[in-house]
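Here is the structure we will look at.
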Amino acid sequence: MPLSSLNDEQLSAATAPLGHNLIIASAGTGKTSTIVGRIAHLLQNGVAPSGILLLTFTNKAAGEMIVRLERYFPKAIVSQIQAGTFHAVSYRWLKEVYPNLALKQPSELKTLFRSIYEKRNFERMNLDIQAFSASYLYEMYSLYQNASLESFDTWFLQKYPEHERVMDVYMDIAQEFEAEKIQYGFASYNDLLLRTKAYLLEHTIPFSEVLVDEYQDTNTLQSALIDTLKPNSLFCVGDYDQSIYAFNGANIENIASFSTRYPSARVFTLKTNYRSTAPILSLANRVIERNERIYPKKLEVGRVIKSTPPKLLMYNDLFEQYQSIAEGIKRTHVPNDQIAVIFRNNSSADGVEASLREYGIPCKRKGGTSFFDAKEIKFLLDLLALLVNAKDMMAFIHIFEYARGVGSALSKEFFQCFLHFGKGNLMQGILFPKVFDLPKLNPNKNVQLGLFEEDEQIGSAARFLSMNLDKTLYEHPMLKHAKLTQDGMAFFALFYRFMQRVHGVQKPSDVLKYAVTSKLYGTIVEILATQRGRLKSGEIDAEKKKNAKERIERKAQLLLDLSRQYNELPRFVNAMVLGGNELSEGEGVNLLTVHASKGLEFQEVYVIDLVDGRFPNRKMMSSIEEERRLFYVAVTRARDRLYLSLAQFDRVKKIDYKPSQFLHEAGLIQGEFVEPEPKEKKKKPKSED
């Protein structure tokens, strides 16, 4: 059974009495085994599996724990355990209450937010400050939902009191944004938690125990949701030294104040590390103990083997550093997939990636743009999403933003027209319009609005005679829209023909085959390949454009391969939206941001660009303590060999670098670190730097 394989400290935690239990599980100490052991203990002691809720930060983590449990218990029992991420579990519950709920990605909702923002005319207000951009305001609103339980204006003005004069407009945008999401059945990831929390205030879902993995990464909203569940018992596993998501709203106070918030709480510590060698753990301890100790602990060695001390690699310049690392990886006998190069800044990875490819060493990069964030993949998924849910306005807007001269506001207007032509049915309005007059889009004028101030003027369809449209398309009422240009009409014609072709097709792979071979998608590929083939001079590099097209085609083929596992279009679209961020492509050496490396382990690890200003990153950091936790996470990914590298000079930028203070703290650089004089910062949001 799972309990028999646990050491004493793990067993003590796994068999703790019901109540409020916090397990401090340091890097490599077997937290997953402890959680699996805990669930086994609950089942053996008569707790109903349906009364167990396991909350994780990736569906992969939940899946791995369930698979382990199925080795010891019948699948029929284990399948009753509710397990998944906070968002996945909330989504399942809400879909039972609101079957038409459509989960939208942040980029999609940012577009909706921008379409609302663009209707405001800030110039009329004669402000003595510049209003925040739509993008930054959206990011701040999303962060607020994660980080605070007070009102948006109260929270926002604590950060930016100088924006008090424009706060009413910001609030108005946020309120209209929330209203439109409800109108169209959209939900953000934050909404899943907010709406679940609201539902739980009036409805009880009884759980004997709620288990929370990676508890140090929970934000204020997730902590409030846990409390709203009111479980009979709470089992939280985490490590405050691995709390590295403050920028994303994670609140380290959740784990720090556990004993205060739950006075009867028991705290267990897992301190035996089975991952790293003694010299690596010693280095990690020397650095992390500089942070305030919330709960006393020190990692102890669980692997007694012959070991190699961590090695400091110092180079004259950045290029030499990257070339040397590639050479070292070329010489090693360690398999490529057991090597990781970890970096604090994405820009650090470019030089390593280029050097590795020069040596013919395959590599995969995680922590940058994911497969599912690629514009060509998002376009295909938007087409499918619109076929699944014809009221998906965001998918429509994303598609039509590719039409020349059509932005998010006008795309939204076109969407409303098609709904009007189809008497509420979008596909009817596109393919078989029944209403032929243009709608009045703004019966109630608003002084803040810069658009729709006058009713639409009807244009003449005759302006499109030269385009040789077929009769059905030429008679479409959309051609009377005054803002529809010839470029917009050409795009609509391609969209119309594609929708005609796939109307009624249900199999995802069939729809995608038609999509990737359509002239509509060919137009998108041409646009994106041209963008990616453009040089800084503005000229198009033919070879670069050709390579971009090939990469786009490969990604489309991968999506087509994924779709063949599904027979139903809705299931495929839901799987891609919920699970897309956890799928990856490629093989070889792992190039990882520190955040992307969390939870992983490798035989050989390089932590690069350990210079002051890059790691710690003094521009991006929320605190030196969090940067130190990032360093701790990076070095504890290594099992056998750890290399810490830096360059002293950047030939391109003509910058001299000083070794990171963490190298001083680790004892690899002699002498105390002298912190540089802080430079005066411009008062500008990070997202706009």
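Ordering Ile66, Ile226 by accessible surface, largest first, gives Ile66, Ile226; the 1.4 Å probe counts only protein heavy atoms, with every chain in place. Other residues whose C-beta falls under 9 angstrom from the C-beta of Gly613 contribute a net charge of +3, scoring Lys and Arg +1 and Asp and Glu -1.
Kindly identify region 1-85 as rounded, prolate or oblate by the Cα gyration tensor criterion: order the square roots of the eigenvalues as a ≥ b ≥ c, call it rounded if a/c is under 1.5, otherwise compare a/b with b/c, prolate if a/b is larger, else oblate.
rounded
Based on the Kirkwood approach, the hydrodynamic radius assigned to region 79-229 is 17.1 Å, with every pair of different Cα atoms included.
Solvent-accessible area of Met314, all protein chains in place: 90 Å² (probe radius 1.4 Å, heavy atoms, ligands and nucleic acids excluded). Electrostatic tally near Tyr315: other residues with Cβ closer than 12 Å to its Cβ, Lys and Arg +1, Asp and Glu -1, net -4. Based on DSSP H segments of at least four residues, each scored -39500 (n - 2.57), the chain has a per-residue ellipticity at 222 nm of -13500 deg cm²/dmol.
Using a ≥ b ≥ c from the Cα gyration tensor of region 296-336 (square roots of the eigenvalues), is it rounded, prolate or oblate, where a/c under 1.5 gives rounded and otherwise the larger of a/b and b/c decides, a/b for prolate? In terms of gyration-tensor shape, oblate.
Derived scalar couplings between HN and Hα for region 395-408 equal 4, 4, 4, 4, 5, 7, 5, 7, 6, 4, x, 10, x, 5 Hz in order, rounded to whole Hz, by the Karplus curve 6.51 cos²θ - 1.76 cosθ + 1.60 (θ = phi - 60°), x for Gly and Pro.
State, as an integer percentage, the relative contact order of the chain based on alpha-carbon contacts under 8 Å between residues 6 or more apart. Each step should come with its number before you reach the end.
Working: 1030 pairs, mean separation 121.1, N = 689.
In percent, rounded to a whole number, it is 18.
Residues Tyr138, Tyr98 ordered from highest to lowest accessible area at a 1.4 Å probe: Tyr98, Tyr138. For region 605-631, the residues whose backbone nitrogen is under 18 Å from a point 7 Å from the Cα of Leu312, taken along Cα to Cβ, are 606-616, 631. Look at the Cα gyration tensor of region 170-244: its axes a ≥ b ≥ c give a/c of at least 1.5 with a/b at or below b/c, and that counts as oblate. Quick one, which of (i) 91, 61, 47; (ii) 83, 64, 55; (iii) 123, 64, 51 is the actual Cα extents along the principal axes in Å calculated for this model? After the calculation, the listed value that fits is (ii).
Label positions at Glu401 and Asn45, each projected 7 Å from the Cα along the C-beta direction, are separated by 5.2 nm. Rolling a 1.4 angstrom probe over the chain with all protein chains present gives an accessible area of which 50% lies on carbon and sulfur atoms. In the context of the full set of protein chains, residues of the chain present 47 Å² of accessible surface per residue (probe radius 1.4 Å, heavy atoms only). Annotation: extensible slack from Asp168 through Ala462 equals 101.4 nm (criterion: 0.36 nm per residue apart, minus Cα-Cα distance).
The heavy atoms of His20 offer some 60 square angstrom of accessible surface to a 1.4 angstrom probe. Charge tally for Ser90 (other residues, Cβ to Cβ under 14 Å; Lys, Arg +1; Asp, Glu -1): +2. Between Asp561 and Ala198, how many nm apart are label points set 7 Å from Cα along the C-beta direction? The two pseudo-label positions are separated by 4.2 nm. Restricting the calculation to Cα atoms, region 460-582 shows an Rg/Rh of 1.05 when the hydrodynamic-style radius is the Kirkwood one. Taking label points 7 Å from Cα along the Cα-to-Cβ direction, Gln500 and Lys513 give a separation of 2.1 nm. Note on region 125-275: lysine pairs with Cα distance below 28 Å, sequence gap of 8 or more or different chains, count 4. Using the Cβ-Cβ distance between Gln183 and Leu157 with R0 set to 35 Å, the FRET efficiency from 1/(1 + (r/R0)^6) comes to roughly 0.80.
The values are calculated or read from the model by the stated rules, or taken from the named source; none is laboratory data. All of these numbers come straight from a predicted model, not from anything done at the bench. Because the Cβ atoms are built from the backbone with ideal geometry, glycine has one as well, and the counts that use them run over all protein chains shown. The protein model used for the area step is the full one, side chains on, heavy atoms only, and it has no ligands, DNA or RNA in it. Shrake-Rupley method; radii C 1.70, N 1.55, O 1.52, S 1.80 Å.
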